[in-house]
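The values are calculated or read from the model by the stated rules, or taken from the named source; none is laboratory data. Keep in mind that this is a model prediction, so the values were computed, not measured. Positions of Cβ are backbone-derived with ideal geometry, glycine not excepted, and every protein chain shown enters the neighbour counts.
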Amino acid sequence: MDLRGKRVTVVGLGNSGLNAAILASGAGAVVRVTDGQDTPATREAKKKLDGRDIKVEIGRHTREFTSGSDLIVISPGVEDSSGPVRWALEAGIPIISEMELGSGFCRGRIIAITGTNGKTTVTSLIGKMFQDAGLDTVICGNIGNSLSEAIPRIKKETWVVLEVSSFQLEKIENFKPAIALILNITDDHMDRYTKFSDYFDQKLKIFRNQDKDDTLILNYDAANLRDLAAKARSKVLFYSRLGKTNGAYLDNGVIVCEHDGKAKKICSINDIRLKGLHNAENVLACCLAAATVGVDGDSICSTIRGFNGLSHRFETVAIVDGVEYIDDSKGTTVDSTCRALESCARPVVLIAGGKDKHSDYAVVREMVAKKVRHVILIGEARYAIKKALEGAADIREAGDLTEAVEVASRLARPDHMVLLSPMCSSFDMFTSYKERGEVFKKAVMELKKGGGIKV
């Protein structure tokens, strides 16, 4: 990508926007950055750019600031309704995502992972498998550090393990991963997309530019992904927890990968330390990706045995008076909560609710009726969830998460599980799912101390 002398405006001054601006400026562009918020974070980011001859506008977007641009680069959170995007469309200025910008300067080979649920776990585990096998590896993307930030560390032989969201895929042009993985596509972000098909179509862009030399890995157990093979120009491999496929599958509890016409036993499903049936699927995807690039089966198995998973993803916090408390704060979709409940072997007290993404909460109703004794609702979405689940289980409400844990502790019996799996994002009450999970953990540990929770 040649940006020398080009006038580039970056929209958004978070991690993605900041590093996109630095990358474009280093490539010879005349860069400006605009962010509608004036916060301590944006002011701090502005300071980092002040010494680089980059003009920064914070607290507002003005048409004058973006006019005359040759290219607009947007951060993942920027929607089409944003002023700079609308003005650029009116003026015919090209618009790309930060990820598209980064990929234009990426010398390494990209393995891109997307899906509604599980992509951070899969990205982390694939990255660990590659690193343990001695491959030069950079892990980046939606996982926390942007591709633009990682560019200086990427060499020709580097494997770039990239977590990709639908937001990042919205404005791509030439983004072309050597390997693309789609784990699942279920109802999510209906506060951003008009209908599910819009969201679904954005996810499919991950393999749009692939050709016969590339590979697409799909979850065969996800019915809406099976037919995508007919749309791909790349080689398609499947993985399945339920039956044999042309890629990775379970054979009597053993993970098997087929590669170059040979079936290779990797390890037993009992070697997986991650809890939940959904994580068996995630591990299959990782095994197939690693085997595809030539990682030895023994090395893959060793990594699986040592991988404990990530915080706030179906993570046991403590057992108090015989009740297991599980932090699944990252369960921000209805499908992720369905998966979590599917993996619960004992009666559940479910804590759910948060910022409403206009999801169809009725989807989880059957699973709630089967697995859940009590539902405790918090946050903005509690009314919508209550309406969808009424009659499926006993439903209570709590003022905040700490109170919800206290109520759950009174309702739970020694053979029960208390599961935080919100089905919603955290932004009505918390800064992130991580903060929500930490508040849950703190409340549980107060119970464990024996002093109860002060509410």
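Counting only residues that are within 18 Å of G26 (Cα to Cα) and either modelled with pLDDT under 95 or in contact with a helix residue (DSSP H, G or I) (Cβ under 6 Å, 6 or more places away or on another chain) (or both), segment 59-83 holds 2 of them. Evaluation of C140 against the conditions (1) closer than 26 Å to G309 by Cα; (2) touching a residue at least 60 places away in the same chain (Cβ under 8 Å) shows that the sole unmet condition is (2).
Of I58, I74, all but one fail to be surrounded by fewer than 19 Cβ atoms within 10 Å (Cβ to Cβ), under 30 Å from F427 (Cα atoms) and of a type in the set (A, V, I, L, M, F, W, C); the exception is I58. In the condition set (1) surrounded by fewer than 18 Cβ atoms within 10 Å (Cβ to Cβ); (2) farther than 30 Å from C424 by Cα, D80 is compliant with all but (2). Criterion applied to K171, K203 was being surrounded by 18 or more Cβ atoms within 10 Å (Cβ to Cβ), farther than 26 Å from C338 by Cα and within 20 Å of the chain's Cα centre (by Cα), and the one residue passing it is K171.
Output the number of residues of segment 116-149 satisfying the condition of being of a type in the set (D, E) and in a helix (DSSP H, G or I). The qualifying residues number 2. Entry remark, segment 251-266: residues being at pLDDT 95 or above and crowded, with 16+ Cβ neighbours inside 10 Å number 4 in total.
Counting only residues that are surrounded by fewer than 13 Cβ atoms within 10 Å (Cβ to Cβ) and free of Cβ contacts under 8 Å to residues at least 24 places away in the same chain, segment 39-55 holds 6 of them. A residue that is under 16 Å from the mean Cα position of the chain (by Cα), at pLDDT below 90, part of a loop (DSSP other than H, G, I, E, B) and under 27 Å from Y220 (Cα atoms) occurs nowhere in segment 342-355. Just one of the listed residues (F207, F238) is modelled with pLDDT of 95 or more, more than 16 Å from C257 (Cβ to Cβ) and aromatic (F, W, Y), namely F207. The numbered conditions (1) among the hydrophobic types (A, V, I, L, M, F, W, C); (2) outside the structural domain of L204 (by TED's automatic domain parsing); (3) in a loop (DSSP other than H, G, I, E, B) are all true for I72 except (3). Of all residues in segment 316-325, at least one satisfies being touching a helix residue (DSSP H, G or I) at 6+ places or on another chain (Cβ under 8 Å), crowded, with 24+ Cβ neighbours inside 10 Å and in a strand (DSSP E or B).
Report whether or not G437 is farther than 20 Å from V323 by Cα and not assigned by TED's automatic domain parsing to the domain that holds G276.
On the way: farther than 20 Å from V323 by Cα: no; not assigned by TED's automatic domain parsing to the domain that holds G276: yes.
Here the answer is no, as G437 does not meet what is asked.
Hey, among E149, E100, E170, which residue is out of contact with any strand residue (DSSP E or B) (no Cβ under 6 Å at 6 or more places or on another chain) and farther than 25 Å from F427 by Cβ?
Working: E149 fails: farther than 25 Å from F427 by Cβ; E170 fails: farther than 25 Å from F427 by Cβ.
Exactly one residue qualifies, and that residue is E100.
In summary, L101 fulfils each of the numbered conditions (1) surrounded by fewer than 24 Cβ atoms within 10 Å (Cβ to Cβ); (2) not in a loop (DSSP other than H, G, I, E, B) with the single exception of condition (1). If I ask for residues that are surrounded by 24 or more Cβ atoms within 10 Å (Cβ to Cβ) and under 16 Å from G104 (Cα atoms), which ones from segment 1-18 would you list? Across segment 1-18, the qualifying residues are V8, V10, S16, G17. Just one of the listed residues (S409, S432) is in contact (Cβ under 8 Å) with a residue 60 or more places away in the chain and among the small types (G, A, S), and it is S409. Scanning segment 361-406 for residues that are surrounded by fewer than 21 Cβ atoms within 10 Å (Cβ to Cβ), among the hydrophobic types (A, V, I, L, M, F, W, C), in contact (Cβ under 8 Å) with a residue 24 or more places away in the chain and outside any loop (DSSP other than H, G, I, E, B) yields a count of 7. Scanning segment 280-308 for residues that are surrounded by fewer than 22 Cβ atoms within 10 Å (Cβ to Cβ) and under 21 Å from T186 (Cβ atoms) turns up just one, A280.
The set of residues from segment 227-239 being among the aliphatic types (A, V, I, L, M) and either free of Cβ contacts under 8 Å to residues at least 12 places away in the same chain or assigned to a loop (DSSP other than H, G, I, E, B) (or both) comprises A230, A232. Please tell me if L216 is closer than 27 Å to Y433 by Cα, modelled with pLDDT of 95 or more and crowded, with 19+ Cβ neighbours inside 10 Å. Taking the combined requirement at face value, the residue does not satisfy it.
If you go through segment 1-58, how many residues are part of a loop (DSSP other than H, G, I, E, B), of a type in the set (K, R) and modelled with pLDDT of 95 or more? So the count comes out to 2.
One line per residue, one yes/no per condition, for (1) small (G, A, S); (2) modelled with pLDDT of 95 or more; (3) touching a helix residue (DSSP H, G or I) at 6+ places or on another chain (Cβ under 7 Å):
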position	(1), (2), (3)
A388	yes, yes, yes
G391	yes, yes, no
R396	no, yes, yes
L401	no, yes, yes
M417	no, yes, no
F440	no, yes, yes
K448	no, no, no
I453	no, no, yes
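Across segment 14-42, what is the total count of residues that are more than 12 Å from H61 (Cα to Cα) and under 27 Å from the mean Cα position of the chain (by Cα)? Summing the residues that are more than 12 Å from H61 (Cα to Cα) and under 27 Å from the mean Cα position of the chain (by Cα) in segment 14-42 gives 15.
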